[in-house]
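The values are calculated or read from the model by the stated rules, or taken from the named source; none is laboratory data. Only a predicted model underlies this, so the values are computations on that prediction, with no experimental measurement involved. A quick note on method: Cβ atoms are made from the backbone with ideal geometry, for glycine too, and the neighbour counts reach across all protein chains shown.
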Amino acid sequence: MKLIILLIAALSLVIIQYSAKTTASELSISESIGSYTAGCIRNSAALSIDGEGFQVIRPGRGRYYGNPETIEYIESLSKKANKELNTMLLIADISQQTGGPILDDHSSHQIGLDADILLWQHPIAKQRSLTITEREHIHPQSVLTDDEMAVDEFKWDEIHGEILKIAASDTRVDRIFINPVIKRKLCTEYPGELWLGKLRPWYGHDGHFHVRLRCPKGNSLCESQKPIEISGDGCGSDLSSWFRPDGTIKKKKSGYSQQKKLPAECAPIMNGIY
Ligand SMILES: [Zn+2]
């Protein structure tokens, strides 16, 4: 009898140790789980609110968390653009700490692999670090004319195109959403350049661009998006399909259902268990 009790005790110890080990490894691994529009992040990383060539805006919303690969991407993009173009990038939403749906807002940004970055160069942010109050009240300035039919040459700067070129040329980037009018302008300025193929026309996105990274290696529960079905720069019929005959922009549907279920693995993460 004593032996059986001892055996059970030893076995329980092994089980406890084993599960402790599993939990410890889960704690240290960051992982994007699910799809861009229905998922979460295990152990997200936070972007610091100031860095070389960038400042986070609206930090009070708590959406500066992402997959560590996204954080590294933003840091390296900002550094490179700052060095080459003397820019100060303002970073808006990435994801919430656990990822998941953001109420009444984006349908994507759920797995820490999407980031909104302002094109607009804020004149004060280029001189100094903005105060928290200033950051909370910044809204991206559109670079389009009031009728949204063309790029406003007074608001457009050629560095906007150069920022997008650096951003899209990174192999980690799956696609970048940008207004069709802006893409049309870039198609005339950078004809035939292949990075343009990663720029996906989408309405809105006229003061900021939305970067979407591919699923990082080893994130086996991360669902990739269907590859872009265009070849080359996407400046032909793919782009023209976004315009009505009168030159206004179509508002296409995203094709995502708003009520997609999160993967089961997200429940403990969203409930703060780890
Ligand atoms: Zn976005």
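Quick check on my filter: what residues within the stretch 156-183 are buried (at least 18 other Cβ atoms within 10 Å of the Cβ) and within 20 Å of Thr248 (Cβ to Cβ)?
Phe177, Ile178, Asn179, Pro180, Val181, Ile182, Lys183
Does the stretch 165-184 contain at least one residue that is among the aromatic types (Phe, Trp, Tyr), within 20 Å of the chain's Cα centre (by Cα) and under 26 Å from Gly100 (Cβ atoms)? Working first, answer last.
Within the stretch 165-184, the subset among the aromatic types (Phe, Trp, Tyr) is 177.
From what's left, within 20 Å of the chain's Cα centre (by Cα): 177.
Going one step further and asking which of them are under 26 Å from Gly100 (Cβ atoms), we end up with 177.
Yes, because at least one residue in the stretch 165-184 is among the aromatic types (Phe, Trp, Tyr), within 20 Å of the chain's Cα centre (by Cα) and under 26 Å from Gly100 (Cβ atoms).
Does Ile132 count as under 17 Å from Val56 (Cβ atoms), more than 16 Å from the ligand (Cβ to nearest atom), of a type outside the set (Ser, Thr, Tyr) and modelled with pLDDT of 95 or more? Give the steps one after another, and end with the answer.
On the way: under 17 Å from Val56 (Cβ atoms): yes; more than 16 Å from the ligand (Cβ to nearest atom): yes; of a type outside the set (Ser, Thr, Tyr): yes; modelled with pLDDT of 95 or more: yes.
Criteria met by Ile132.
Of all residues in the stretch 50-109 being hydroxyl-bearing (Ser, Thr, Tyr) and over 25 Å from Gly161 (Cα atoms), which is farthest from the chain's Cα centre (by Cα)? Please lay out each step first, then the result.
Of the residues in the stretch 50-109, the ones hydroxyl-bearing (Ser, Thr, Tyr) are 64-65, 70, 73, 76, 78, 87, 95, 98, 107-108.
Filter once more, keeping what is over 25 Å from Gly161 (Cα atoms): 65, 95, 98, 107.
Numbers: Tyr65: 10, Ser95: 8, Thr98: 14, Ser107: 12 Å.
Applying the filter and picking the extreme gives Thr98.
Just need a number here: residues in the stretch 48-75 that are among the charged types (D, E, K, R) and closer than 22 Å to Arg214 by Cα. Quick ask: steps written out before the conclusion?
First, the residues of the stretch 48-75 that are among the charged types (D, E, K, R): 50, 52, 58, 61, 63, 69, 72, 75.
Pick out the ones that are also closer than 22 Å to Arg214 by Cα and you get 63, 69, 72, 75.
Of the residues in the stretch 48-75, 4 are among the charged types (D, E, K, R) and closer than 22 Å to Arg214 by Cα.
Can you say whether Pro268 is in a loop (DSSP other than H, G, I, E, B) and either surrounded by 13 or more Cβ atoms within 10 Å (Cβ to Cβ) or out of contact with any helix residue (DSSP H, G or I) (no Cβ under 6 Å at 6 or more places or on another chain) (or both), as far as the supplied structure shows?
Working: in a loop (DSSP other than H, G, I, E, B): no; either surrounded by 13 or more Cβ atoms within 10 Å (Cβ to Cβ) or out of contact with any helix residue (DSSP H, G or I) (no Cβ under 6 Å at 6 or more places or on another chain) (or both): yes.
The answer is no for Pro268.
Could you check the stretch 85-115 and list, in sequence order, the residues that are among the hydrophobic types (A, V, I, L, M, F, W, C) and within 14 Å of the ligand (Cβ to nearest atom)? Full working, then the answer.
Here is the first cut: in the stretch 85-115, the ones among the hydrophobic types (A, V, I, L, M, F, W, C) are 85, 88-92, 94, 102-103, 111, 113, 115.
Within the stretch 85-115, Leu90, Ile91, Ala92, Ile94, Ile102, Ile111, Leu113, Ala115 meet the criteria.
Within the stretch 107-149, count every residue that is hydroxyl-bearing (Ser, Thr, Tyr) and closer than 19 Å to Phe209 by Cα.
Taking the stretch 107-149 first, the residues hydroxyl-bearing (Ser, Thr, Tyr) are 107-108, 129, 131, 133, 142, 145.
With closer than 19 Å to Phe209 by Cα added as a condition, the list becomes 107-108, 142, 145.
Matching residues across the stretch 107-149 total 4.
Say we look at the stretch 193-247 and pick out the residues that are within 16 Å of the ligand (Cβ to nearest atom) and among the basic types (Lys, Arg); which of these is nearest to Ile178 (Cα to Cα)?
Of the residues in the stretch 193-247, the ones within 16 Å of the ligand (Cβ to nearest atom) are 198-213, 225.
If we keep only those that are among the basic types (Lys, Arg) as well, we get 198, 200, 212.
Working: Lys198: 10, Arg200: 6, Arg212: 11 Å.
Residue satisfying both the conditions and the ranking: Arg200.
State whether the residues of the stretch 226-242 include one that is closer than 21 Å to Thr70 by Cα, surrounded by 13 or more Cβ atoms within 10 Å (Cβ to Cβ) and either of a type outside the set (Phe, Trp, Tyr) or free of Cβ contacts under 8 Å to residues at least 60 places away in the same chain (or both).
Within the stretch 226-242, the subset closer than 21 Å to Thr70 by Cα is 226-228.
Adding the requirement that they be surrounded by 13 or more Cβ atoms within 10 Å (Cβ to Cβ) leaves 228.
With either of a type outside the set (Phe, Trp, Tyr) or free of Cβ contacts under 8 Å to residues at least 60 places away in the same chain (or both) added as a condition, the list becomes 228.
Yes, the stretch 226-242 contains at least one residue that is closer than 21 Å to Thr70 by Cα, surrounded by 13 or more Cβ atoms within 10 Å (Cβ to Cβ) and either of a type outside the set (Phe, Trp, Tyr) or free of Cβ contacts under 8 Å to residues at least 60 places away in the same chain (or both).
Looking at the stretch 51-86, which of its residues are surrounded by 17 or more Cβ atoms within 10 Å (Cβ to Cβ), in a loop (DSSP other than H, G, I, E, B) and in contact with a Lys or Arg (Cβ under 7 Å, 6 or more places away or on another chain)?
Answer for the stretch 51-86, where residues must be surrounded by 17 or more Cβ atoms within 10 Å (Cβ to Cβ), in a loop (DSSP other than H, G, I, E, B) and in contact with a Lys or Arg (Cβ under 7 Å, 6 or more places away or on another chain): Gly53, Ile57, Arg58.
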